[in-house]
Structures are given as C-alpha cells and as structure tokens.
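Here the structure comes first, spelled out in structure tokens, and everything after it is commentary.
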Amino acid sequence: GNYTETSEPLLWSLPTRGHFDLPSADEFMKSYIAEKTRLGKDIPWEMPLGDEQAVKLPLPIIGLNFPKSATLTLKEFFKCGGLTAIHTSTQQGRIAICMRENLLAGNAPLHGCNYHKSKKTRKIESIDFISDIGTQFPCYYSSLHDGGLDAIAEHYPHATIMLVTRNAKSWHRSMSGWGSILAHWRIKCGFDGNLNHTKSDYWHKKWILSTGRKKENYWIDFYNAHTQKIRDFAMKNPSLTYVEVELEDENMANKMEYYTGVPSTCVMDCHPGPKWIREHPNVTGRCLSIGGISQSTKVQDNSRGGDWTDDDDDTGDQR
C-alpha cells in the first residue's frame, strides 16, 4: 500500500461556519428536494419500485456516517432488503484503505474493492452498499480528506450518498467509550488541526480553547461540521442522490422505507460484535429488531450477501 508506519496524515478540511445551528434532517431534505425539483432532476423515492429493483435508490449507495452513527444498522438494513451490503471489509481487505490508495493513485474510489464473495452462495457479487468506509490507520475518511468526496462525484455521478446523523453530544459520549478512537483521530489523523507540521488555524485554535478532558465541545462542532460538509456536497452535485435521516427520530424506520422501498422492519438495533454478544448470552447476533426480537434468521433468509458474520472486524455502532 501507499503508506508506512511513518506516513504523514493526509490533508483534511471541514467548514468553519454554518454548522453551529444546523437545520434538522427533515428540514434539509425539504430544501434539497426543492432544489433537485427546480433543476429538473428525478426524485427516486417518488417513483414506483421497478420489478428488477431491490431498492428505489441508484447504486452504489455509499454511507458516509461517522463511526458510532448507525454504520452497522445501515449495513444490516440494506442486506435485509436484498442488497450486497458491506460494513467495513471485503475478502480483499478494508475498503477505506483501498479507497485511500485509489485516491493517491488517481483511480475510481472503489476500484479493486467493489466486489465480494458471499459466504452463503460462494458467488462473486458487486457491492451495492458500503458503510463505515473510514479507517484510523492509515487514516482515511473520504468525507473528511481532501479530494475524497470529489472523487466520488467524478467517478460515480449517479450514485447515492446516505447519511444517518445522531445527536452530536450522544455521539461523542459513545465515541469516548469506544476504545481509543478519538485519541487516534488526534494523533494519527491530525483531526485536532495539528497536521503535517502545520496547523489548520481554525480547528487547532478550537482544540486549544476547548475545555474539559474529553474536549466534548470540540468534537460536537467537528461532528456537526462534517454533516454540513456533506450537505454542501450534496447541493453542489445534483446528479447524485442524497438521503439523510436522524437516528433518534421515532419515525426513522418509516422514513427509511419511504426513501428506499426497503421495509421498515429491516431497521434493527445493532451493537458491536463479539464483546456485546458475550455480555448478552441470550441473543444470537449483533442486531435485534426494534421490538427486541432477534432478526438474524430474517437477515440471512432475505440477503444475497451472506450471513451477519461477513465482517471480519469488530466495528459496530449502538443505535
């Protein structure tokens, strides 16, 4: 790969204004749909689901959620709906590392990592949905690092971008309890603004001025700025389809069905893998239905992407 233990972090950027009082996902989607309509662009969820379609959305679907923002929930949702859906890795390795190398080489983001061999059918299948495409080392998040989003728009101009957001404070609390990921983001990624021996003045100053051991205020602003960046990107690239929902929205499952055509019953409560399973011996998988009934069998029966153990890593999320 194009990295070593001493590789410097890649440059990244986030908006420096406009993210302190974000509209809700519903409010933004209303503005987004109005702009697409003004430009004469199709709204996929306003069209009937075709006989050969598993979902209403154009493929591939690329989930840009941060870790701990329903990345596993989204993967299981689309797999339940009949898509080949991948959380973080294929047999070829971590998707984010592949995307990073493709960015540096000038290739399409998913070149060489857009297929998967199903453990259930043993067939090689193209990937319809990917979630949680970031990685801590070598650090790469296409929605943060310069050129990542532009490469998606260039090579997949008719793809779908999916974003599930959650309350930024609860996200930070969840991230703070998930190993040392925030420390890696600061040290290995330079997400405190101290990058490549130079400083992103705005973000580094915010880091220094942010109080508290866990820098909660900084990471809340960071999370909201990430949402703003993706929204700006969606508005600037109307050939793409964009869908955003909020994890805490009590109607989230129904809205997912409206936008995608996948039944709302496919929205599940997903948790980290082996550790969570060990602590909950009465469950049979990482995901439960919203009502608390295990959906492992349903997911396997309805999916052509294999069983829930397809991912070789422990990355998960708490809904």
Q. Counting only residues 5 or more places away or on other chains, whose amide H sits under 5 Å from the amide H of Thr90 once H atoms are built in the peptide plane?
A. Ile95
Q. Length gain on complete extension for the stretch His184 to Lys214, per 0.36 nm per residue less the alpha carbon to alpha carbon distance?
A. 9.5 nm
**Q.** Two-site label geometry, Lys30 and Lys169: point separation in nm, points 7 Å out along Cα→Cβ
**A.** 2.5
Q. Based on Cα positions only, what radius of gyration and what Dmax would you give for segment 97-208, in angstroms?
A. 16.6, 52
Q) Taking H as built 1.01 Å from N, whose amide H comes closer than 5 Å to the amide H of Ser289, not counting residues under 5 places away? A) Asp269, Ser294, Gln295
**Q.** 13 Å beta-carbon shell around Pro48, net charge (K/R +1, D/E -1)
**A.** -3
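Could you sort out which of Lys68/Lys255; Lys119/Lys215; Lys41/Lys117; Lys41/Lys119 sit more than 31 Å apart by Cα distance in this structure?
Lys119/Lys215; Lys41/Lys117; Lys41/Lys119
Any idea what diffusion coefficient segment 177-271 gets from Stokes-Einstein, in µm²/s, Kirkwood Rh on alpha carbon pairs, 10 °C, 1.306 mPa s?
97
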Q: Please work out how much length the chain gains when fully extended from Glu125 to Lys41, using 0.36 nm per residue of separation minus the C-alpha to C-alpha distance, in nm with one decimal.
A: 27.3 nm
Q.
Translational diffusion coefficient of segment 73-161 at 20 °C, 1.002 mPa s, Stokes-Einstein with Kirkwood Rh over Cα pairs, in µm²/s as a whole number.
A. 160
Q.
I'd like the distance separating the alpha-carbon centroids of segment 209-237 and segment 144-191, in whole Å.
A. 10
Q. So, by mean Cβ neighbours within 10 angstrom, what's the order for 64-73, 94-103, 22-31, 234-243 with the highest one leading?
A. 64-73, 94-103, 234-243, 22-31
Q.
Can you tell me how segment 15-68 classifies by the Cα gyration tensor, rounded, prolate or oblate, using a/c under 1.5 as the rounded cut?
A. oblate
Q: On the full set of protein chains, 1.4 Å probe, figure out the accessible area of Lys214 and give it in Å² to the nearest 10.
A: 100
Q: Send over the semi-axes of segment 141-182's equivalent ellipsoid, whole angstrom and largest first, taken as the square roots of 5 times the C-alpha gyration tensor eigenvalues.
A: 28, 13, 7
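What does the C-alpha gyration tensor say about the overall shape of segment 1-113? Classify as rounded when a/c is under 1.5, otherwise prolate if a/b is larger than b/c, or oblate. Provide the component values of the computation, followed by the final result.
Working: a/c = 1.97, a/b = 1.30, b/c = 1.52.
Judged from the Cα gyration tensor, segment 1-113 comes out oblate (a/c at least 1.5, b/c at or above a/b).
Dividing the convex hull volume of the Cα atoms of segment 38-80 by its residue count, what figure in Å³ per residue is obtained?
Values: hull volume 4.8 nm³, N = 43.
Once divided by residue count, the hull of segment 38-80 is 112 Å³.
The values are calculated or read from the model by the stated rules, or taken from the named source; none is laboratory data. All figures in this text were calculated on a predicted structure; none of them were measured in a lab. Because the Cβ atoms are built from the backbone with ideal geometry, glycine has one as well, and the counts that use them run over all protein chains shown. Quick note on the areas: whole protein, heavy atoms, side chains included, nothing else; ligands and nucleic acids left out. Shrake-Rupley method; radii C 1.70, N 1.55, O 1.52, S 1.80 Å.
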